[in-house]
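Enquirer: Quick one: this structure, given as structure tokens, is what I'll be asking you about.
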Amino acid sequence: MSNSTEKIKKLQDEILKLKDEKDFVLLAHNYQLPEIQEIADFCADSLQLANHAKNDVESQNVLFAAVKFMAESGAILNPSKNVYVANPEALCPMARMAPVDLMKKVKQESPDLPLMMYINTTAAARAQADFICTSANSLKIAKVINKQEINFAPDKNLAYFIQTRLGIKVNPVPITGHCTVHESFKASYITNLKKKHPNAITIVHPECPPEVQQIADFIGSTSQMEKFVKTSDRKEFIVGTEVGLIDKLKRETEGKIFYKAHDKPICYNMKKNTLETINDEHLVKIPEEIAKKNRQLLNDMLKNSE
Ligand code: 13P
Ligand code: SF4
């Protein structure tokens, strides 16, 4: 065993012991480091994490290894639990692209257009939304809204995905909102990979730009991509999302080969969680006036995505 493997194993054992002693469950997003995924009680996409935090947690304490908004969603959905975030500095930069003031302005300027917001936003900004979604249920929620035109904040690429799949007008607000990680995936890079590996299937996240979505064989949330791979009889996959999902797919499948659709597909915010930051120091607290509206939005979202 190398020194670093030994260190990882020791830290993992300490966390497992702490989990038992303090009775907490560890919920991890699919982009977490492999050593965190391995000891998590549940590792999934943002929709499944929210659902799990609301319905499937028996322990009194819930610790999220993810970005902060995911832990906030868990805390809002299950206020009877103590919800902790492993590292409060792990913030999704896309969330800053939909500030509260901009969302208020959008509602004032177009009161007749429903405002659908991505869950990758702050709880305060989300309180302005009419509907919220994750990448896994965006189409279902837009269908429930059932309008020919909606405003969508803040990811322009997810807006494009909904617009093209449903044939409705989806106005991105702001028009430049994006995830810095997924925005950097390029169609030319994938086309080259496809030439080298002609039998590979291309699967991407809907936060990827339109040119990438257009050449993908499958577009879905991280857990939908995982399900696609695990149920596919194909062997080779070009994967257009953060490397954590590729780590998980490699660990949990046999005989399949994965090609990264970018040379460094890393979300440095997700990676601010390390084995050293997995502790119950940071309790998530949200003012009740913001939590109340968010709880209704999140519960409606979960109901509408059944
Ligand atoms: P998922 O809900 O698909 O896991 O995505 C969350 C995210 O942050 C993607 O970048
Ligand atoms: Fe946010 Fe992008 Fe990181 Fe997902 S990958 S948490 S959208 S910055």
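Enquirer: Within the set of pairs 6 or more residues apart or between chains, which connect a residue that is open to solvent by less than 30 Å² (accessible area, probe 1.4 Å) inside the range 266-280 to a residue that is within 13 Å of ligand 1 (Cβ to nearest atom) and of a type in the set (Ser, Thr, Tyr) with Cβ atoms less than 6 Å apart?
Expert: CYS267/TYR31; MET270/TYR31
Enquirer: Here is a follow-up. Just the residues that are within 16 Å of ASN294 (Cα to Cα) and either within 16 Å of ligand 1 (Cβ to nearest atom) or of a type in the set (Lys, Arg) (or both), please, taken from the range 102-122.
Expert: The answer is LYS104, MET116, MET117, TYR118, ILE119, ASN120, THR121, THR122.
Enquirer: Also, quick follow-up: Looking at (1) within 15 Å of ligand 1 (Cβ to nearest atom); (2) open to solvent by 40 Å² or more (accessible area, probe 1.4 Å), can you tell me which one GLY167 breaks?
Expert: All conditions are met except number (1).
Enquirer: Scan the range 18-59 for residues that are within 15 Å of THR277 (Cα to Cα), open to solvent by 30 Å² or more (accessible area, probe 1.4 Å) and part of a helix (DSSP H, G or I) and report the count.
Expert: Here the count works out to 3.
Enquirer: So, one more: Consider only pairs whose beta carbons are under 9 Å apart and that are at least six residues apart or on different chains; among these, list those whose first residue lies in the range 169-197 and is more than 25 Å from TYR118 (Cβ to Cβ) and whose second residue is open to solvent by 50 Å² or more (accessible area, probe 1.4 Å) and within 16 Å of ligand 1 (Cβ to nearest atom).
Expert: LEU193/LYS260
Enquirer: Tally the residues that are touching a residue at least 40 places away in the same chain (Cβ under 8 Å), open to solvent by less than 50 Å² (accessible area, probe 1.4 Å) and not in a helix (DSSP H, G or I), restricting the search to the range 77-107.
Expert: Summing the residues that are touching a residue at least 40 places away in the same chain (Cβ under 8 Å), open to solvent by less than 50 Å² (accessible area, probe 1.4 Å) and not in a helix (DSSP H, G or I) in the range 77-107 gives 9.
Enquirer: Residue check: is THR164 farther than 18 Å from VAL243 by Cα, in contact (Cβ under 8 Å) with a residue 24 or more places away in the chain and in a helix (DSSP H, G or I)?
Expert: So THR164 passes the test.
The values are calculated or read from the model by the stated rules, or taken from the named source; none is laboratory data. As the structure is a prediction and not an experimental result, all values here were calculated from the model. We place every Cβ from the backbone using ideal geometry, glycine too, and count neighbours over all the protein chains shown. Calculation scope for accessible area: heavy atoms of the full protein, side chains included, ligands and nucleic acids excluded. Shrake-Rupley method; radii C 1.70, N 1.55, O 1.52, S 1.80 Å.
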